[in-house]
């Protein structure tokens, strides 16, 4: 049966009501029956309702190697429709680059064909501003994935941001689908930080919640009007204390701009080195805020992945001072 005749045959069967709401294996050539049967094994309960809505499902196989069919198409030689079905391909694991190939200011913690996870130093922007375009994690990683090839179409996509003066884990996507997946599910992922604050907290564990609002001067603060601010929740517990400082683990339950810094400052325990919301001190080298743990669901494998870094040595030095 030729390609055109095959199309007309199926269309006539559909118009006559023979294929609506039922499997259309009856009356088809043996090859097509096998294709549908194979599709039903992969997707239990599969019903082919219309040749226009849901064409026959098949996989292009050669020996034991199966490849994804990128677009629905007619195969006149085989007399059936083929359409891509979602199957995970076995992809080669990317080797961790040597230190000399790492982007300056970034340590690559993990990389595959969909995501790249890095540890950012304090003082490096996540993305560019009007004044600074190149000294950013985004720019450096775009250069990295291009491997020196200016014509390369490889690029990274921003999923979230860290404050310039904060350090720690950043994740970037390598394609638009991965970016959307991570951003759409971001609130369900676990984000933990460590920070050093001034003083000793009376409650060693708890949650801080408020409605945060950003004014025209780009300063964030809590407001009482829910219609004006964005609801924000920060969980914390004390890990270690000294006479002057406390080391906290922060569970970021919502992700507002400057959320951790504002909540702790308004609590009376600003982060060490926070010149915007805290105390300006001599001898303090940096903002003592570090993103040290990120748990996600991988967009391709649907497996849980957890990335961790060590607590910065400087934080431990502060507690000993």
> Just wondering, is there one or more residues in region 193-206 that are within 18 Å of the chain's Cα centre (by Cα), crowded, with 19+ Cβ neighbours inside 10 Å and modelled with pLDDT of 95 or more?
Replying inline: yes
> How many residues are under 20 Å from residue 289 (Cα atoms) and either touching a helix residue (DSSP H, G or I) at 6+ places or on another chain (Cβ under 7 Å) or part of a loop (DSSP other than H, G, I, E, B) (or both) when one looks only at region 204-221?
Replying inline: 7
> So which residues in region 114-158 are in a loop (DSSP other than H, G, I, E, B), touching a helix residue (DSSP H, G or I) at 6+ places or on another chain (Cβ under 7 Å) and surrounded by fewer than 20 Cβ atoms within 10 Å (Cβ to Cβ), if there are any at all?
Replying inline: 114, 126, 127, 128, 133, 152, 154, 155
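Listed here are the residues, each with its yes/no results for (1) free of Cβ contacts under 8 Å to residues at least 60 places away in the same chain; (2) under 13 Å from residue 166 (Cβ atoms); (3) part of a loop (DSSP other than H, G, I, E, B).
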{"position": "248", "(1), (2), (3)": "yes, no, no"}
{"position": "269", "(1), (2), (3)": "no, no, yes"}
{"position": "273", "(1), (2), (3)": "no, yes, yes"}
{"position": "280", "(1), (2), (3)": "yes, no, yes"}
{"position": "287", "(1), (2), (3)": "no, yes, yes"}
{"position": "290", "(1), (2), (3)": "no, yes, no"}
{"position": "295", "(1), (2), (3)": "no, no, no"}
>> Just to be sure I understand, how many residues within region 160-177 are in contact with a strand residue (DSSP E or B) (Cβ under 6 Å, 6 or more places away or on another chain) and more than 28 Å from residue 272 (Cβ to Cβ)?
In response: 2
> Residues 304, 275, 257: which one is within 22 Å of residue 190 (Cβ to Cβ) and loosely packed, with under 14 Cβ neighbours inside 10 Å?
Replying inline: 304
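The values are calculated or read from the model by the stated rules, or taken from the named source; none is laboratory data. Predicted, not measured: the structure shown is a model, and the values here were computed from it. Cβ coordinates were reconstructed from backbone atoms using ideal geometry, including for glycine residues, and neighbour counts include every protein chain displayed.
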